Amino acid sequence: MGNNTKNNQRSYPRRAQEPASRQEPLRGKNLAIIFILLGFAVILSFVFDNLIVQNISKLRNVFTDEVFLGITFISSEIIIFFFLTSLFLWQEHKRKWIFPLWLTLFFSVILSFILKFAIQRLRPFQQDLVSIPEMLASKSYEIWNFSFPSFQAMLVFCALPIISKEFPKIKWAWIVFAFLVAFSRVYFGLHFLSDVIVGGILGYLIGVLVIRLENKKSFVRRVLRR
């Protein structure tokens, strides 16, 4: 009887530590695998970028155009920002993650534009590889808004680690949405495949690093106290 009581008592700390394992979705081996996949995917996609974007553009029809135009609209940075903020405001005990979420979005914006200016890759439609729908052509894609990496892909994937941690029930819905957003960018000739692959992986890594920073250093709480 006494031994059973001790065994039960020893099991409690293990249960208490289970949520902590979900706080860091990326560890050493996973990080190495992601970097290897990133390098392989980028090299492969760069080789076939032109061919891929031209073939995907052939899939266009009235129905899919309408679907992906809708996805393009709801994936705007303003809508994403307010939706995610509202999601975390909805439950009081999750509001502490609003600032880390904003920090993740901010880092993604900064890194995206730094890389765009550094690489200055023109979009597929700007290189006359594919045509672009009139509705999108009417929007302003200034010369400074380069193709690599995809900001939209970075935006939706940077939120994935925090959503997976705090809202696991909608994780897969967000993953599907993120991949549809990434595909829509290639579908309309706004980005090459390598643009969205790199944007998505970099965004995800930013989200993971912000979670680690908050879990280990309590960065947000220290900033707010000041």
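FYI, it's all coordinate maths here, none of it is from the lab. These figures come from a predicted structure and were not determined experimentally. Cβ atoms come from the backbone with ideal geometry, glycine included; neighbour counts cover every protein chain shown.
Of the residues Ser57, Ile74, Leu129, the one whose Cα sits farthest toward the positive end of the charge dipole of the stretch 31-225, with +1 on the Cβ of Lys and Arg and -1 on the Cβ of Asp and Glu, is Ile74. By the count of other C-beta atoms within 10 Å, a proxy for reagent exposure, Trp174, Trp97 are ordered fewest to most as Trp174, Trp97. For the pair Ile119 and Asp65, label points projected 7 Å from Cα toward Cβ lie 2.9 nm apart. Measuring r between the beta carbons of Val109 and Leu213 and using R0 = 22 Å, the FRET efficiency lands at 0.80.
Once the Cβ-Cβ distance of Phe81 and Leu38 is raised to the sixth power relative to R0 = 41 Å, the FRET efficiency obtained is 0.95. For the stretch 151-221, rounded, prolate or oblate, judged on the Cα gyration tensor with a ≥ b ≥ c (square roots of eigenvalues), a/c < 1.5 rounded, else prolate if a/b > b/c? Note, shape of the stretch 151-221 comes out oblate.
Taking each residue as 0.36 nm, the span from Lys171 to Met135 lengthens on full extension beyond its C-alpha to C-alpha distance by 9.8 nm. Note down the relative contact order for the stretch 31-225 as a percent, whole number, built from C-alpha pairs under 8 angstrom at least six residues apart. Result for the stretch 31-225 is 32 percent. With the charge dipole of the stretch 31-225 set up from +1 on Lys and Arg Cβ and -1 on Asp and Glu Cβ about the Cα centre, the Cα lying farthest toward the positive end among the listed residues Phe151, Ile119, Ser164 is that of Ser164.
When you filter the GluC sites (Glu not before Pro) in the stretch 70-156 for DSSP loop state and at most 15 other Cβ atoms inside 10 Å of their Cβ, you are left with Glu142. Distance cut-off 30 Å, Cα to Cα: go down the list Lys58/Lys169; Lys96/Lys171; Lys96/Lys169 and report the pairs above it. From the list (Lys58/Lys169; Lys96/Lys171; Lys96/Lys169), the Cα-Cα distance tops 30 Å for Lys58/Lys169.
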